[in-house]
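Below: one structure, written as structure tokens.
The values are calculated or read from the model by the stated rules, or taken from the named source; none is laboratory data. Keep in mind that this is a model prediction, so the values were computed, not measured. Areas reflect the complete protein model, heavy atoms only, side chains present, ligands, DNA and RNA absent. Shrake-Rupley method; radii C 1.70, N 1.55, O 1.52, S 1.80 Å.
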Amino acid sequence: IEVFLRSYVRRADTLNEDAAEPLLAELAMIREARLGGWYEFVRGPKPGLHDAIFAFALGQFWERSGGATTLTAEQICYGAGSPGRVFKLDEDSVVSRLMRLGDLTGGAWQWVDTAGLRQVQRISEFDPATVISLAYPRTPHRQIAA
């Protein structure tokens, strides 16, 4: 556990130049809690997470949920293996991403918030792998002069 934590968390007592910077500290996924010696996951909006990656993870989660035509916001936020739990997103962040699903999926998945029931409906078939390329735009290759 100590090796794992040292990979993700900067230690306050290693401020000298000889100390190695943790490789994964820039991800800011884990932090030391206010009470020294305890650690916690950082839950929040994750602005670096592209909506296409979120949609792909949601599609994978949806497949494992037994082919239902709807998923509730609660399932997507807190269910085992859900995008909310996997990416450590807070509920507001998940809901704001769900609201944008209609545009991303061409209307195939729609956010519905009526009478207190917050859910995503599958209106038509959609392969979330088709939007992955939006998260990783291609850069043109440079030709090297001989």
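Values of log10 I(q)/I(0) for the chain across q = 0.17 Å⁻¹ run -0.96, by the Debye formula with one identical scatterer at each alpha carbon and no solvent. Surface calculation, 1.4 Å probe, protein heavy atoms: D51 sits at approximately 40 Å² accessible. Between E91 and M29, the contour length at 0.36 nm per residue exceeds the alpha carbon distance by 20.7 nm. Once the chain from E40 to S133 is taken as fully extended at 0.36 nm per residue, the excess over their C-alpha distance is 30.2 nm.
Just how many % of Cα pairs in the range 55-94 lie over 15 Å apart, if you round to the nearest whole percent? Across the range 55-94, Cα pairs with separations above 15 Å total 27 percent. Each residue of the range 100-115 was assigned a 3J(HN,Hα) from its phi angle through the Karplus expression (A = 6.51, B = -1.76, C = 1.60, θ = phi - 60°), giving 8, 4, x, 5, 5, 9, x, x, 5, 10, 10, 7, 10, 9, 10, 6 Hz with x at Gly and Pro.
Out of every Cα-Cα pair that the range 1-85 contains, those further apart than 16 angstrom amount to 64 percent.
Amide hydrogen proximity for S65: with H placed 1.01 Å from N in the peptide plane, no residue at 5 or more positions away or on another chain lies under 5 Å. Residues whose amide H comes within less than 5 Å of that of R43, counting only those at least five positions distant or on another chain, are absent (H built at 1.01 Å from N in the peptide plane). Which percent of the accessible heavy-atom area of the range 71-146 goes to carbon and sulfur, probe 1.4 angstrom? Carbon with sulfur: 52 percent of the solvent-accessible area. Counting only heavy atoms of protein chains, what accessible area per residue, in Å², does the range 27-144 have with a probe of 1.4 Å? The answer is 65 Å² per residue. When E125, E21, E91 are compared by accessible surface with a 1.4 Å probe, the order from highest to lowest is E125, E21, E91.
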